[in-house]
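Enquirer: Dumping the structure here so I can ask a few things about it.
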Amino acid sequence: MTEMDKQLLAERVRSVLPDQNVTHRPMFGNIGFMLNGNLLCGASKKGLMIRTDPAREADILKSPHVTPVRMSERKMPGFLRVAPDGLASDADLEHWIGLAMDYVGQLPEKVKK
């Protein structure tokens, strides 16, 4: 996936997300999407990073094209990456964003300091 593909993925994500309570900003060279101040998902050259319930992670990892997110060598619980092949259709993208919305939508609003 190229830089242009990352931008196209970000546009696809924007089209699926509600307008209310969602913001986006550059994060670690990617485009992060926040729901009520909490990281929801991110568009990158590697695909879509989603935030999910860590208790459901093992089941979600059984899906094709899904891998854990690692920062350096450390695994980030509850953060998963869906490779571009797993995002081919709008229905695929909506499914993954829906999983993230289900979890992050339950988190308390994060207040800026």
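Enquirer: Would it be correct to say that Pro64 is part of a loop (DSSP other than H, G, I, E, B), without any contact (Cβ under 8 Å) to a residue 40 or more places away in the chain and over 14 Å from Trp96 (Cβ atoms)? Please lay out each step first, then the result.
Expert: Details: part of a loop (DSSP other than H, G, I, E, B): yes; without any contact (Cβ under 8 Å) to a residue 40 or more places away in the chain: yes; over 14 Å from Trp96 (Cβ atoms): no.
Here the answer is no, as Pro64 does not meet what is asked.
Enquirer: Within region 3-60, which residues are part of a strand (DSSP E or B) and at positive phi? Steps first, please.
Expert: Of region 3-60, the ones part of a strand (DSSP E or B) are 22-27, 30-35, 38-44, 47-51.
Listed by number, the list holds a single entry, Gly47.
Enquirer: Taking region 89-108 on its own, how many of its residues are assigned to a loop (DSSP other than H, G, I, E, B) and either closer than 14 Å to Leu48 by Cα or in contact with a helix residue (DSSP H, G or I) (Cβ under 7 Å, 6 or more places away or on another chain) (or both)? Even if it seems obvious, please write down each step before you answer.
Expert: In the first step, residues of region 89-108 are kept if they are assigned to a loop (DSSP other than H, G, I, E, B); the result is 89, 105-108.
Pick out the ones that are also either closer than 14 Å to Leu48 by Cα or in contact with a helix residue (DSSP H, G or I) (Cβ under 7 Å, 6 or more places away or on another chain) (or both) and you get 89.
Here the count works out to 1.
Enquirer: Find the residue count for region 71-81, including only residues that are touching an Asp or Glu at 6+ places or on another chain (Cβ under 8 Å) and either hydrophobic (A, V, I, L, M, F, W, C) or assigned to a helix (DSSP H, G or I) (or both).
Expert: Looking only at region 71-81, we keep the residues that are touching an Asp or Glu at 6+ places or on another chain (Cβ under 8 Å), and these are 77-78, 80.
Among the residues that remain, those that are also either hydrophobic (A, V, I, L, M, F, W, C) or assigned to a helix (DSSP H, G or I) (or both) are: 80.
Residues that pass the stated criteria total 1.
Enquirer: Given the conditions (1) of a type outside the set (Asp, Glu); (2) more than 20 Å from Lys110 (Cβ to Cβ); (3) surrounded by 14 or more Cβ atoms within 10 Å (Cβ to Cβ); (4) without any contact (Cβ under 8 Å) to a residue 40 or more places away in the chain, and given that Ser44 satisfies all but one, which numbered condition is not satisfied?
Expert: It is condition (4) that Ser44 fails.
Each reported figure results from applying straightforward, stated rules to the coordinates on display, with no laboratory input. Computed from a predicted structure; not experimentally measured. Quick reminder, even Gly has a Cβ in these numbers, built from the backbone with ideal geometry, and neighbours come from all protein chains shown.
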